Amino acid sequence: MTTPSLLKLRVDMKSASPTPENVFSGLLLDRNAEQRDDAAWIAAQLADPRARFVLLGAEGHALAQRDVDALRVILADERSALLPTATPSYLGADDAGPFFSLSAESRDAARIAAELGGDFIDLRSAGTRLQAFEAGLFAYARALSHWQSRTRFCSVCGAPVVVVTAGHRARCTNPDCAIEHFPRVDPAMIVIVSYGDACLLGRQATWPEKRFSRSPASSSPANRSRTPCAAKCSRKRACASATARTTPRSRGRSRPR
Ligand SMILES: [Zn+2]
């Protein structure tokens, strides 16, 4: 069931966001990076009755409304009853208040979805079902949560790390090391492989019928933008004669995970 406040949130998001060609890049959010280390400031954001929480399940899927193509964010007055022990990560704020992300174990995620009448959706579905602001918000929360879940030990000394800065850094607990780790930013491109009037599309066997995708290509440090795309096409799809072409807007975008 969609509550009046959620409907209003949906309308506000629509009016505030543009509709870019890449739906995941439509997130207009003040991330307040300079204030994430201020514990008192973060506590004040958490205490804000306007705070909203994007809930991610164990698979990194986001809770969405069942009857509307929109996220089912957890409102401030719902959070303490639904998931009181999870540590939120600060995402940012818009004119309507702050956003946080919450990660839940499978059992808690299923319970909350049942209580709120929502369903979990994956990031790929979000690209077609959600409005740009919410798709970007989901991608942002998912990327942060994914990094946190895979950053448990220091890559320098092997000691456990602790997440700090409202979720945006991991600090080694070994006092002789104390190095800080940051979320990954992998350069990636979405490209069109064309040959005459045709273009190359791919799909995974698990995808719904008639879903196809262009080719994502990840780059390595100091690599040229054309190289990873051409290599992938040649290696995985045997398209030796295909021409890889990138567009200006495809350069420098990070791929949501
Ligand atoms: Zn260390």
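The values are calculated or read from the model by the stated rules, or taken from the named source; none is laboratory data. It should be emphasised that the depicted structure is a prediction, and the values quoted were computed from it without experimental measurement. Counting neighbours? That spans all protein chains shown, and the Cβs are built from the backbone with ideal geometry, glycine included.
Give T128, T87 a once-over and let me know the one that is farther than 30 Å from A40 by Cα, surrounded by fewer than 16 Cβ atoms within 10 Å (Cβ to Cβ) and either of a type in the set (G, A, S) or away from the ligand (no atom under 16 Å from the Cβ) (or both).
Every option except T128 fails the conditions.
Name the residue, out of V193, V185, that is within 18 Å of R142 (Cβ to Cβ) and of a type outside the set (K, R).
That would be V185, the only listed residue that is within 18 Å of R142 (Cβ to Cβ) and of a type outside the set (K, R).
Quick check on my filter: what residues within segment 172-200 are in a strand (DSSP E or B) and within 14 Å of the ligand (Cβ to nearest atom)?
Correct list: C172, E180, H181.
Only one residue in R235, R251, R184, R226 is within 24 Å of T87 (Cβ to Cβ) and either of a type in the set (K, R) or at pLDDT below 75 (or both). Which one?
After applying the criteria, what remains is R184.
Counting only residues that are over 19 Å from Q45 (Cα atoms), away from the ligand (no atom under 13 Å from the Cβ) and of a type outside the set (K, R), how many does segment 146-171 have?
Residues flagged as over 19 Å from Q45 (Cα atoms), away from the ligand (no atom under 13 Å from the Cβ) and of a type outside the set (K, R) within segment 146-171 amount to 4.
Would you point out which residue out of D122, D95 is within 19 Å of A64 (Cα to Cα), surrounded by fewer than 22 Cβ atoms within 10 Å (Cβ to Cβ) and more than 16 Å from the ligand (Cβ to nearest atom)?
D122
The rows are residues; the columns are (1) at pLDDT 95 or above; (2) assigned to a strand (DSSP E or B); (3) not assigned by TED's automatic domain parsing to the domain that holds R111.
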residue	(1), (2), (3)
A40	yes, no, no
A44	yes, no, no
A64	yes, yes, no
S80	no, no, no
P84	no, no, no
